[in-house]
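Colleague: So that we are looking at the same thing, I have put the structure below in structure tokens.
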């Protein structure tokens, strides 16, 4: 290098830099083309509370069986990814019943507050917990307005192979991401359609011709605590929002 | 005040010292044992659950961290603001600040769902999270206080003590603010979601930190036979009164605002009237024992001269502070989340229900162990390094001291 | 005199202690890996032995955070091939004996199976 004029040295450096940049960027190009969560999609649910019978728990049972979160008969510490909430208007006596789960918000407070970034939103809108880096601080449980998260208080065995879960981490409804990635629908949707009132449908909120968009345009839907501005991906119809 | 006051190590050879050290070490060891027990069996052996996610360990650890940040105020008075009267106390103040913060930090680290994940926590940061940025503030504060103590103890570094003091003081302020915002940023809960949390926690940290400092100073001087004069006691008394009053002020503002906004009437009714243990702790613990009684003991003419009254006031401020944190942290979770405003709600996941909390032995031992670790650090450090002034008698400190007449 | 005696005893115990690898003299047994299914692994054994940790960590982030499934180093695929009857699981086929054989020997603890089931499922989840 010492004997050569500055121009040649400069050219060599630039060539090396360009090659390095190309090598660094090239895998990214292939990554973009790979499968995985598609940011053009936004998975969501639409729940028609008027089709929910008060004592029907088919969605809860299906979720529990699918993801394996049965309890230890300790209701205070057992996880509940989805539950049926019963409402009553004290002024009129009218009642509703509807399932509530992680609302898969567009601006999830749980993602904002997670100190390690374990609570994250996938490109297609599904909010998940990366249990590899969850340290079990439970701050997301403090932050969630919908009580969507549960902490795993006891040792777990016999996990489902597509739904890993372990003690000391936080978990919540995954919208059956393993089913969605395989082109299917969440377990609660399937069970409600076949054994319940057909109250829950799932789909791509971004698809104007999809089921959810068409029903939302026809009937008018709302979100729980929409005043918080979190824009949940779970829409409700026929509920006092 | 004609001579500078020397600082000297404590002898640390008395039976009382060793017994005390042994007791603290036993408590700290029990806390570690409790951690292993909780970690092995899962958090279901504690009173914390899916409704009350943060419990006693968080109350105690946040108290310790706040007290740590506030205990540095005494050092700041002399190092930053130039009140040389407090200069002999600066080293003890720094030591206490670092020790309390470390104790609080150890509790919160040991309470994690997986403390073995500490390495994970240190290598993955989401800076939008107040909890993550707080960890950096804690570490920064610890380093700054240590550096400050070094500038005091190394004669060649003495001229940098003002700069180091400013840095440590600002970091201490950011620690208290950060903890307040951990709660203040939570829009979900009716009892939080308020900017007043930040200044209120700064006031709380000053108050709790000074109260702990007063008790540690009085205890250390009394047990090592070093004189503690009425002059410095009077200064500390006035400061305690001011800080306790400011905390009471912010509490009043917080609840007045809640009472004005109809939206918050539910949670205000819960805390102020119908919350059972939370209402009791608020009025009896936080307001009466933690606010009104200490102010009376500090300012009433009959109690002004009594040293015992000041010590009692400091102890009361601590009890009141613990009550306040219990009401904020646990009371805020006990009140149910509001998903459907105006509706009566029930579910298998305790929607709409007030959530009870009963701490169990493992989590209580874990919490107290953190305090034990903090005081262990202070006790051992005082024995090996010069933290405690030889004398704080009026003759040495009071600039207007006149020896009592001979008659 | 006594101090040198104590040092001698100390050295004798720790230098002449049990040799490293022999199972007959009470050490940790040298790993003997159970035969896996299929012809060969997704990468040469030497490569996997050294780098399987990196591959798995990279794969887990791709799957968990990006949703890319069925990659070359998918943990589920490892389990399907490397599972063998496990006494701790009442004879069911799990991958624990395979992983534990080397990890116990090298004293490198892993916590994959705190969350992931080590059992071979023998099939794909229904769509």
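Colleague: Just rank A:131, B:128, fewest to most, by other beta-carbon atoms within 10 angstrom.
Modeller: Sorted ascending by nearby Cβ count, the order is B:128, A:131.
Colleague: Next question. Sort B:348, B:194 so the one with the fewest other Cβ atoms within 10 Å of its own Cβ comes first.
Modeller: Ranked by crowding around the Cβ, least crowded first: B:348, B:194.
Colleague: Compute a Gaussian network model of chain B, connecting alpha carbons closer than 10 Å, and tell me which residue from B:190, B:154, B:363 fluctuates the most.
Modeller: For chain B, modelled as a Gaussian network with Cα springs under 10 Å, the answer is B:154.
Colleague: Using 0.36 nm per residue, how much length does the chain from residue B:292 to residue B:401 gain when fully extended, once their Cα-Cα distance is taken away?
Modeller: Contour length minus the Cα-Cα distance gives 36.0 nm.
Colleague: Rounded to the nearest 500, what is the 222 nm mean residue ellipticity of chain A from helices alone, with -39500 (n - 2.57) per DSSP H run of 4+ residues and division by all residues?
Modeller: -8500 deg cm²/dmol
Colleague: A further question follows. From the gyration tensor of the Cα coordinates in the protein assembly as shown, what semi-axes in whole Å does the equivalent ellipsoid have, largest first, with each one equal to sqrt(5λ)?
Modeller: Listed largest to smallest, the semi-axes of the protein assembly as shown are 51, 38, 26 Å.
Colleague: Each label point is 7 Å from the Cα along the Cα-to-Cβ direction; what then is the distance between the points at residue C:47 and residue B:8, in nm?
Modeller: For residue C:47 paired with residue B:8, the spin-label model returns 7.3 nm.
Colleague: Quote the relative contact order of segment B:214-368 in percent (integer), defining contacts as alpha-carbon pairs under 8 Å separated by 6+ residues.
Modeller: 20 percent
Colleague: Rounded to the nearest 5, what % of the DSSP beta bridges within the protein assembly as shown are antiparallel ones?
Modeller: Antiparallel: roughly 85 percent of the beta bridges in the protein assembly as shown.
Colleague: What distance in nm separates the simple spin-label points at residue C:111 and residue B:360, each placed 7 Å from Cα in the Cβ direction?
Modeller: Result for the modelled spin labels: 2.0 nm.
Colleague: Name the most mobile residue of B:43, B:19, B:66, meaning the one with the largest mean-square fluctuation, in a Gaussian network model of chain B with Cα contacts below 10 Å.
Modeller: So, out of B:43, B:19, B:66, the one fluctuating most is B:19.
Colleague: In what order do B:177, B:391, A:174 fall by count of nearby beta-carbon atoms within 10 Å, going from fewest to most?
Modeller: The fewest-first ordering by Cβ neighbours comes to B:391, B:177, A:174.
Colleague: Another question, then. Treating segment B:91-136 as a set of equal point scatterers at the Cα positions, no solvent, please give the Debye-formula log₁₀ I(q)/I(0) at q = 0.20 Å⁻¹.
Modeller: For segment B:91-136 at q = 0.20 Å⁻¹, log10 I(q)/I(0) is -0.75.
Colleague: A further question on this structure: Would you work out the Kirkwood radius for segment A:141-221? I mean one over the mean of 1/r across all pairs of different Cα atoms, in Å.
Modeller: Computed over segment A:141-221, the radius equals 15.2 Å.
Colleague: At a Förster radius of 25 Å, what calculated FRET efficiency corresponds to the Cβ-Cβ distance of residue B:380 and residue B:139, to the nearest 0.05?
Modeller: 0.70
Colleague: Where is the GNM fluctuation largest for chain A (alpha-carbon springs, 10 angstrom cutoff): A:151, A:120, A:94?
Modeller: Answer for the Gaussian network model of chain A: A:94.
Colleague: Quick check: pseudo-label points 7 Å beyond the Cα along Cα→Cβ at residue A:40 and residue B:245, how many nm apart are they?
Modeller: That separation, rounded to one decimal, is 6.8 nm.
Colleague: Using a Förster distance of 25 angstrom, determine the FRET efficiency expected from the C-beta separation of residue B:116 and residue B:26, and round it to 0.05.
Modeller: So, using R0 = 25 Å, E works out to roughly 0.50.
Colleague: For chain A, give me the percentage of DSSP beta bridges that are antiparallel, rounded to the nearest 5 percent.
Modeller: 85 percent
Colleague: Using 0.36 nm per residue, how much length does the chain from residue C:103 to residue C:6 gain when fully extended, once their Cα-Cα distance is taken away?
Modeller: 31.4 nm
Colleague: For a Förster distance of 35 Å, can you work out the FRET efficiency between the beta-carbons of residue A:73 and residue B:274, rounded to the nearest 0.05?
Modeller: 0.70
Colleague: Separate question: Just from its helices, what would the mean residue ellipticity at 222 nm be for chain B, if runs of 4 or more DSSP H residues each count -39500 (n - 2.57) and the sum is divided by every residue, rounded to the nearest 500 deg cm²/dmol?
Modeller: So the calculated ellipticity at 222 nm is -20500 deg cm²/dmol.
Colleague: To continue, here is another question. Roughly what angle does helix B:56-71 make with the longest principal axis of chain B, taking Cα atoms, 0 to 90 degrees, to the nearest 10?
Modeller: 30 degrees
Colleague: If you don't mind, there's one more thing I want to ask. Defining a contact as two alpha carbons under 8 Å apart and six or more residues distant in sequence, what relative contact order in percent does chain B show?
Modeller: 32 percent
No value in this document is a laboratory result; all are computed from the given coordinates. A quick note: this is a predicted structure, and the numbers were derived from the prediction, not measured. FYI the Cβ positions are ideal-geometry reconstructions off the backbone, even for glycines, and counts take in every protein chain you see.
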